[in-house]
Amino acid sequence: MASPKQKSFRTEHDSMGELKVPADALWGAQTQRAVENFPVSGRPLPRGFIRALGLIKASAAAVNGELGLLPKATAKAIRGAALEVAEGAHDAHFPIDVYQTGSGTSSNMNANEVIATLATRAGRKVHANDHVNLGQSSNDVIPTAIRVSAQLATVETLLPALKHLRKAIDGRARHYAKVVKTGRTHLMDAMPLTFGQEFGAWSSQLVSAQARIEDALKRLRRLPIGGTAIGTGINADPRFGKTMARTLSALTGTKFESAADKFEGLAAQDDAVELSGQLNALAVALMKIANDLRWMNSGPLAGLGEIELPALQPGSSIMPGKVNPVIPEATVMVCAQVIGHHTAITVAGQTGNFQLNVTLPLIAVNLLDSISLLAAVSNLLADRAIAGLKLRKDNIEAALGRNPILVTALNPIIGYEKAAAIAKRAYKENRAVFEVALEDSGLSAAQLKKLLDPAALTRGGIHAGGGGGG
């Protein structure tokens with residue numbers, strides 16, 4: 001029997017001594033120590049964060065070359081290698097677990113070592129600390145990477161997804177703008193409204209959510225890079241921070257600016273917590289919309305049965321013919337996860353002492369997960385639920401005609417108590433309000449037809465003069 005193939009190693013060293021590293025790994029000793037020290041979740045930091053690290057290192061190389069701190073050829077080699085990292089060519093060489101040192105030092109060194117190896121292979125002798133990390137510290141690189149990755153993910157994926165979902169909702173709102181239905185408060189029958197009004201409220205929720213997120217991005221784009229170890233900027237050129245912000249803006253096509261107070265950017269991650277809070281608010285809005293859809297789709301016989309969502313897959317392994325609202329259900333789960341992420345980010349945001357927050361990788365991964373989950377499920381909700389939604393007008397009209405709450409429109413004419421008596425009798429006898437009101441209100445059929453017209457009631461106001469009511 002042939003013996004198992006032995007994995008080959010090479011020997012690397014750092015300030016703590018020598019260490020064996022897999023022969024084909026682009027990383028060095030410091031990354032290897034972190035791989036061995038943190039066998040926690042088996043989950044590395046996400047693609048968006050590695051991309052941000054690559055963009056930061058590429059920009060730093062360009063800035064250091066521009067400022068005369070690195071030879072042009074060295075800066076060019078580092079920049080080229082870093083852009084390969086940003087583009088995802090070497091993701092397999094970023095193995096460090098999310099649950100690592102709270103500053104993210106291990107991941108910063110992972111990037112430094114991989115980029116140094118690639119640049120050296122390209123023909124320049126490049127050192128991970130002295131050259132790739134020049135003018136930087138893990139303490140300003142990782143908070144900057146959080147901001148860059150979250151900003152790019154929000155602008156490139158989440159905001160377009162919200163726009164797409166709002167467009168789908170607005171399309172359905174226009175299509176069914178004049179269809180009147182029974183409103184509900186406390187899950188009980190209430191005054192009528194149109195589907196255009198109901199769907200329009202969902203769209204307005206998304207408009208508000210987008211505005212909150214965009215406002216949070218104004219603060220998230222303030223980068224602490226240039227603050228180095230604690231915010232003083234030790235070992236960094238005084239021009240480094242502002243030049244980095246300009247370079248990153250040009251490289252990404254998204255506006256960044258140098259934080260006025262680098263101490264704040266290192267010690268506090270309030271900007272990330274704020275964005276997470278707005279994602280939390282979006283999750284609340286999406287869960288509301290998803291649950292409305294589930295209620296409206298319930299049945300088809302024993303539920304509300306107002307709408308019919310697209311049938312996407314069998315709903316039961318034992319009940320033939322059952323179809324479930326799977327996209328709204330997936331949305332609810334995503335929203336629950338995002339709300340959980342925000343709780344963790346909130347705790348993480350306060351978990352630092354003095355000049356450094358020490359839960360940076362957790363903030364990074366939860367923030368990026370929330371953004372990607374919300375973007376993906378917003379697109380699904382638009383394309384596989386809202387766009388194909390149909391109304392069950394027979395059920396809608398039947399419920400509307402029997403709705404005893406329509407009697408509210410008679411309050412200014414006959415008074416609250418008499419109107420309540422009509423409503424109770426109509427409900428008890430399972431009759432239309434119009435019929436009972438014709439017998440008990442003293443109003444003519446013509447008056448009642450005008451007063452109890454559901455479409456007119458969706459426009460609010462007082463429809464026949466008389467006093468007000470509460």
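The values are calculated or read from the model by the stated rules, or taken from the named source; none is laboratory data. Quick caveat, the model's predicted, so the values are computed rather than measured. All Cβ positions, even for glycine, are placed from backbone atoms using ideal geometry, and neighbour counts span all protein chains on display.
Just to be sure I understand, how many residues within segment 266-293 are within 12 Å of the chain's Cα centre (by Cα) and either of a type in the set (S, T, N, Q) or not assigned by TED's automatic domain parsing to the domain that holds Ser203 (or both)?
Step one: list which residues in segment 266-293 are within 12 Å of the chain's Cα centre (by Cα), which gives 275-286.
Applying the additional criterion that residues be either of a type in the set (S, T, N, Q) or not assigned by TED's automatic domain parsing to the domain that holds Ser203 (or both) yields 276, 278, 280.
Of the residues in that region, 3 qualify.
Please enumerate the residues belonging to segment 316-355 that are part of a loop (DSSP other than H, G, I, E, B) and either among the β-branched types (Val, Ile, Thr) or in contact with a strand residue (DSSP E or B) (Cβ under 6 Å, 6 or more places away or on another chain) (or both). Steps first, please.
Taking segment 316-355 first, the residues part of a loop (DSSP other than H, G, I, E, B) are 316-322, 324-325, 350-351, 354-355.
Answer for segment 316-355, where residues must be part of a loop (DSSP other than H, G, I, E, B) and either among the β-branched types (Val, Ile, Thr) or in contact with a strand residue (DSSP E or B) (Cβ under 6 Å, 6 or more places away or on another chain) (or both): Ile318, Thr351.
Being crowded, with 18+ Cβ neighbours inside 10 Å and either among the basic types (Lys, Arg) or under 26 Å from Ile307 (Cβ atoms) (or both) narrows it down to one residue among Ala398, Ala382; which is it? Before the answer, list the steps.
Working: Ala398 fails: crowded, with 18+ Cβ neighbours inside 10 Å.
The conditions single out Ala382.
If I ask for residues that are more than 10 Å from Ile142 (Cβ to Cβ) and crowded, with 22+ Cβ neighbours inside 10 Å, which ones from segment 95-105 would you list?
Ile96, Gln100 - these are the residues of segment 95-105 that are more than 10 Å from Ile142 (Cβ to Cβ) and crowded, with 22+ Cβ neighbours inside 10 Å.
For the structure I just gave you, tell me whether Ala34 is within 24 Å of Gly349 (Cα to Cα), among the aliphatic types (A, V, I, L, M) and surrounded by fewer than 23 Cβ atoms within 10 Å (Cβ to Cβ). Step through it out loud before you land on a result.
Working: within 24 Å of Gly349 (Cα to Cα): yes; among the aliphatic types (A, V, I, L, M): yes; surrounded by fewer than 23 Cβ atoms within 10 Å (Cβ to Cβ): yes.
Here the answer is yes, as Ala34 does meet what is asked.
Test Arg166 against the stated conditions and say whether it is touching a strand residue (DSSP E or B) at 6+ places or on another chain (Cβ under 6 Å) and closer than 20 Å to Leu286 by Cα. Walk me through how you get there before you give the answer.
Numbers: touching a strand residue (DSSP E or B) at 6+ places or on another chain (Cβ under 6 Å): no; closer than 20 Å to Leu286 by Cα: yes.
Taking the combined requirement at face value, the residue does not satisfy it.
Kindly list, by first and then second residue, each pair from a residue in segment 178-192 that is under 15 Å from Ser298 (Cβ atoms) and not assigned by TED's automatic domain parsing to the domain that holds Tyr427 to a residue that is of a type outside the set (A, V, I, L, M) and part of a strand (DSSP E or B), limited to pairs with Cβ atoms under 8 Å and residues at least 6 apart or on different chains.
Qualifying pairs under 8 Å: Lys181/Pro192; Lys181/Thr194; Thr182/Asp189; Thr182/Pro192.
From the list Asn430, Asn353, which residue is surrounded by fewer than 17 Cβ atoms within 10 Å (Cβ to Cβ), assigned by TED's automatic domain parsing to the domain that holds Gly200 and not aliphatic (A, V, I, L, M)?
Among Asn430, Asn353, only Asn353 is surrounded by fewer than 17 Cβ atoms within 10 Å (Cβ to Cβ), assigned by TED's automatic domain parsing to the domain that holds Gly200 and not aliphatic (A, V, I, L, M).
Quick one: in segment 281-310, of everything that is in contact (Cβ under 8 Å) with a residue 60 or more places away in the chain and touching a Cys at 6+ places or on another chain (Cβ under 6 Å), which residue is nearest to Ala216 (Cα to Cα)?
Ala283
Report the residue count in segment 119-154 for those that are within 19 Å of Glu12 (Cα to Cα) and more than 34 Å from the chain's Cα centre (by Cα).
To start, the set of residues in segment 119-154 that are within 19 Å of Glu12 (Cα to Cα) comprises 119-121, 124-133.
Going one step further and asking which of them are more than 34 Å from the chain's Cα centre (by Cα), we end up with 119-121, 124-131.
Counting residues in segment 119-154 that are within 19 Å of Glu12 (Cα to Cα) and more than 34 Å from the chain's Cα centre (by Cα) gives 11.
Restricting the search to segment 221-242, which residues are part of a helix (DSSP H, G or I) and either out of contact with any Asp or Glu (no Cβ under 9 Å at 6 or more places or on another chain) or surrounded by 22 or more Cβ atoms within 10 Å (Cβ to Cβ) (or both)?
We begin by selecting, within segment 221-242, every residue part of a helix (DSSP H, G or I); these are 240-242.
Selection gives Phe240, Gly241.
Listed here are the residues, each with its yes/no results for (1) in contact with a helix residue (DSSP H, G or I) (Cβ under 8 Å, 6 or more places away or on another chain); (2) at pLDDT 95 or above.
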{"site": "Lys7", "(1), (2)": "no, no"}
{"site": "Lys20", "(1), (2)": "yes, yes"}
{"site": "Ala23", "(1), (2)": "no, yes"}
{"site": "Ala34", "(1), (2)": "yes, yes"}
{"site": "Pro39", "(1), (2)": "no, yes"}
{"site": "Gly48", "(1), (2)": "yes, yes"}
{"site": "Ala61", "(1), (2)": "yes, yes"}
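Considering Ala62, Ala73, Ala81, Ala77, which residue is in a helix (DSSP H, G or I), farther than 15 Å from Gln32 by Cα, touching a Ser or Thr at 6+ places or on another chain (Cβ under 7 Å) and assigned by TED's automatic domain parsing to the domain that holds Asn37?
The match here is Ala62.
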